[in-house]
Amino acid sequence: MTPRLKVVVDPGHGGDDTGAKGPKGLEEKDAALALAQDLQAALEKAGFDARLTREDDTFIPLWDRARKANEAGADLFLSLHLNAAKAKAAKGSEVFFLSLDQGDTDAAELVALENAGAVDRPAQDTVLFSILQDLAQKAYLQESERLAVHIQAQLNHLGGIKGRGVKQAPFVVLRGAAMPAVLVEAAFISNPREEQKLRDAAFRRRVAESVARGVRRFFADISSTPRRQGADQGR
Ligand SMILES: [Zn+2]
């Protein structure tokens, strides 16, 4: 019997780090956890071994999230967040993979918001540590992009949106992941309608099922094409 593919789902923020806040007061950390629990259930149902980086309202430093996935020997890392924009009308889902260029300005405000949890840098956060972190994800960037494309396609379908592409940005949480890894901004918590939808369990389940379908398509995709040398080292 082949072991199940392992997916680590990371609910963004937690504890004192609330993340973004909706106009009616819904906090990103709570919406992300609820969504992550639904995603865990959807992935388990689809035959994956799905685990969470946090099961409750606790703060985990950004560096430790990918480390947990590495230590678990995960095949995939998904960090789940909710988007926020000054324009109340902004809506829909965006899927990101890592940019190694810190000056990538395409999503600068969002990146600043999401990287705010990168306080309490570990003592080993020397230049060398930083380089090793980047190297971890660097080997998987092509696969991470493919993963992002598959998940974005499913979320576009769910939202009735055509042609929204994936984005690349320097999110700290993705840097150290030694496996395909993406950050999903599932909806805009700053949009009053989407904030309302996020409180609806049926909507969250639909989002979770779409992401899980994207994950399944990704694995079907990479298993039908030869993998790059070295990409599957140690597994
Ligand atoms: Zn976030």
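At-a-glance table
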| item | result |
| --- | --- |
| Residue pairs, from the table 167/197; 6/91; 68/91; 88/167; 6/167; 68/167, whose Cα atoms sit over 29 Å apart | 6/91; 68/91 |
| Solvent exposure, largest accessible area first (probe 1.4 Å, DNA, RNA and ligands not counted), of 225, 53 | 225, 53 |
| Total formal charge among the other residues, if their Cβ is under 9 angstrom from that of residue 57, Lys/Arg +1 and Asp/Glu -1 | 0 |
| Rounded, prolate or oblate (a/c below 1.5 giving rounded, otherwise prolate when a/b exceeds b/c) for the range 6-223 by Cα gyration tensor | rounded |
| Beta bridge orientation in the range 6-223: antiparallel %, DSSP, nearest 5 | 20 |
| Förster radius 35 Å - calculated FRET efficiency between residue 55 and residue 2 (Cβ-Cβ, nearest 0.05) | 0.80 |
| Overall form of the range 13-71 per C-alpha gyration tensor (a/c, 1.5; a/b vs b/c) | oblate |
| Förster radius 22 Å - calculated FRET efficiency between residue 157 and residue 202 (Cβ-Cβ, nearest 0.05) | 0.85 |
| Probe 1.4 Å, protein heavy atoms only - accessible area per residue of the range 6-223 in square angstrom | 43 |
| Whole-percent carbon and sulfur share, accessible surface of the chain, 1.4 Å | 51 |
| Calculated [θ] (222 nm, deg cm²/dmol) that DSSP helices of n ≥ 4 give over the chain, each run adding -39,500 (n - 2.57) | -13500 deg cm²/dmol |
| Set of aspartates and glutamates near residue 162 by C-alpha distance (under 13 Å), chain-local residues within fewer than 8 positions excluded | 94 |
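The values are calculated or read from the model by the stated rules, or taken from the named source; none is laboratory data. Here the structure is a predicted model, which means the values were calculated and not measured. A quick note on method: Cβ atoms are made from the backbone with ideal geometry, for glycine too, and the neighbour counts reach across all protein chains shown. Accessible surface areas use protein heavy atoms only, side chains included; no ligands, DNA or RNA. Shrake-Rupley method; radii C 1.70, N 1.55, O 1.52, S 1.80 Å.
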